[in-house]
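For reference, the structure discussed in these notes is given below.
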Amino acid sequence: MGPAKTSTTDHVGYEGALESEARIARLFEMTSDLLATISRDGRFTLLNPAWEQLLGWTREELLASSIEEFMHPEDVQQTLALLAAGDEPGAQLEHFTNRYRHRDGSWRWLMWSTRCDGDTWYAAAKDVTDRMWLERQALHDPLTRLPNRLLLMDRARQALARLHRSHGVVAMLFVDLDKFKAVNDNLGHDIGDQLLVGIAERLAELMRDSDTVARLGGDEFVILAEDIDSEEEAMALGRRVLDALEDPFPLGSNEVAMLASVGVAVSRDSNADPEAMLRESDVAMYRAKAAGGRRLKLFDESLRQELSTRMEIENRLRYALPRQELALAYQPIMPLAGGFAVGAEALVRWRPDGAELPAGAEMLPGMFLPRAQESELIVQIGNWVLHTACVQAEIWRRNGIAIPISVNVSARELTELDLAERVRAELAYSRLPGRALCLEVSEEAVLRDPERARSALKDLKRLGVSIALDNFGSGEFSLRLPRDFPLDILKLDRALVQSFDRDKERRAVFAATIALAKEARLTAVAVGIETNRQLALVRELDCSLGQGFLLHNPVAADQLRLRDAAGSVTSAPWRPLVRLGKGTRR
Ligand code: C2E
Ligand code: MG
């Protein structure tokens, strides 16, 4: 077949224009594609029968009213604006979609190809309802039906691209609920889900149609707002979000008010990367949370510096193990009445090779473990810590120092992996008896998945390992916990111990916790004793073991020495260590 000819008369040959028109009319009647002409003020002027089949209305009905009558309310404004904008000759619209109502009340998605000629739009449309449904599923969160991350990023890209036409900014608000986990734990997942749906609705009500409210997962929501004038306006929107969430949500017989932390990032740059903006709003949100929650924080230059440090840490941390940049420091657990260490806690340290740190400086876990916890790295680091600590403890034992070693385990290690099996293998390798190892788990780790945590702890206990609940009293702790889980030691958090001298109420909490530990037959250890006054108060409140800079700093294995609580330095029991130091890794 030759190329299509463009002249109408050539094309129809000598059979004549009339016959050709009849044929075209027949095609028009037969095709299952939707064909129409539409006036620029939004009325159908001609329709083929396919419309009747697709929408269930007669053509007369469709022609009698404005197309607005049959269109989804959310699509009307944009469609009419597009139709009216067909000013330029040959204006054309491809792949434009909107929804029409079927006679039975359901909605059909149509995808249009149109061209404007004079006052008339010539249009062909296809029913893409099934495809749109599938796409919607892929782009929305099934619980709240809000756009998911993928759609959010797409909308953000479009909003940023439109920036060159306006003088405003695009704002991204990262909203993270402060105590959502407590709702899930205390009221159950169904109530938690209901609350998330309620929050999604409330956020959507607060926004304009052109804004996007998305759910990233868990208790994380992101708002994308366009047509915002300034940072100040974005911050005002953030404050409205905080206020709106604090209005209690009715949930069955309960009412729950949600506090949130909001991070705000704005951009004036139409080439900005939406992923980078999301990261920025995330970093600002973390800062708001770290400042105590129920707060709003704008991503600014100081945070930009923090973000680049954070990304550098992430990159370098991957090489920390293969390059042997990790080390363990040990901090003894001391009897407060004086005497020698009854245990030692292994604390991981990192000295990145080539990093611009002052001589002798090391990175503390707070600076890098949170990054590791976001990936599989935490498992590798955890394995290395466990292995190194067990080997060290066995070396001590062989030299007559039979103190148990304590190793911190992260939430992920406790609930997602077969921790007991890893510990069993490690004990076998280092030939350390189970009773010489104590694992410290945080309250947060236990509460993240209480059932799995309980079963993991039971398996560990069968190996003879003892379990300490770490950082007890740091947040809103549950008094049930020490009774409900198989524990041996309760470590009272530094924040609790250090708030003593100023705060009588905290002292009462401490005293109650010691009583609770006694009742549950747990050994209490007070962490973070820095001053003699704190030491005296802790002792007065009947706590007999402690850890703190006053008693002993965390140091490398070969620098461990003992100082009893009375203050005298004794090195005799630790002598073997000095010799050992040469053979042990720092
Ligand atoms: P933690 O388990 O509560 O460990 C005690 C922390 O308190 C240590 O901080 C220790 O240096 C510090 N500390 C002890 N006495 C005092 C004191 O008197 N004053 C003050 N201001 N601080 C004191 P560090 O080494 O920075 O560790 C922080 C946290 O990182 C640990 O808190 C623990 O939760 C976590 N961590 C440390 N090593 C590991 C590890 O190998 N694995 C895991 N998963 N977490 C670890
Ligand atoms: Mg600990």
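See the values below:
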item: Matching entry among Leu347, Leu321 (being closer than 30 Å to Leu437 by Cα, in the same structural domain as Gly382 (by TED's automatic domain parsing) and either surrounded by 14 or more Cβ atoms within 10 Å (Cβ to Cβ) or hydroxyl-bearing (Ser, Thr, Tyr) (or both)); result: Leu347
item: Test: residue in segment 407-415 that is buried (at least 17 other Cβ atoms within 10 Å of the Cβ) and more than 14 Å from ligand 1 (Cβ to nearest atom); result: no
item: Elements of type strands (runs of 3 or more DSSP E) contained in segment 60-178, each with 2 or more residues being among the aliphatic types (A, V, I, L, M); result: 107-117, 120-127, 169-177
item: Test result for Val423, within 12 Å of ligand 1 (Cβ to nearest atom), modelled with pLDDT of 95 or more and either in a helix (DSSP H, G or I) or of a type in the set (A, V, I, L, M, F, W, C) (or both); result: no
item: Single residue of Val555, Val538, Val525 found to be in contact with a helix residue (DSSP H, G or I) (Cβ under 7 Å, 6 or more places away or on another chain), modelled with pLDDT of 90 or more and within 14 Å of ligand 1 (Cβ to nearest atom); result: Val538
item: Residues located in segment 439-460, provided they are under 16 Å from Ser474 (Cα atoms) and not in a helix (DSSP H, G or I); result: Glu440, Val441, Ser442
item: Filtered residues of segment 373-403 (kept if among the small types (Gly, Ala, Ser) and in contact with a strand residue (DSSP E or B) (Cβ under 6 Å, 6 or more places away or on another chain)); result: Ala389, Ala393
item: Long-range neighbours under 6 Å by Cβ, at least six apart or interchain, first residue among the hydroxyl-bearing types (Ser, Thr, Tyr) within segment 444-473, second within 16 Å of ligand 2 (Cβ to nearest atom); result: Ser466/Cys438; Ser466/Asp488
item: Check on Met311, under 28 Å from Asn553 (Cα atoms) and not aromatic (Phe, Trp, Tyr); result: no
item: Residue under evaluation Ala428, criteria (1) in contact (Cβ under 8 Å) with a residue 40 or more places away in the chain; (2) out of contact with any Pro (no Cβ under 9 Å at 6 or more places or on another chain); (3) of a type outside the set (S, T, N, Q), criterion not met; result: (1)
item: Of all residues in segment 232-271 being hydroxyl-bearing (Ser, Thr, Tyr) and part of a strand (DSSP E or B), the one that is nearest to Lys179 (Cα to Cα); result: Ser261
item: Any hit, segment 393-400, residues being surrounded by fewer than 17 Cβ atoms within 10 Å (Cβ to Cβ) and farther than 25 Å from Asp558 by Cβ; result: no
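The values are calculated or read from the model by the stated rules, or taken from the named source; none is laboratory data. Fair warning: this is a prediction, and the values are worked out from it, not measured in the lab. Please note: Cβ atoms are built from the backbone with ideal geometry, for glycine as well, and neighbour counts cover all protein chains shown.
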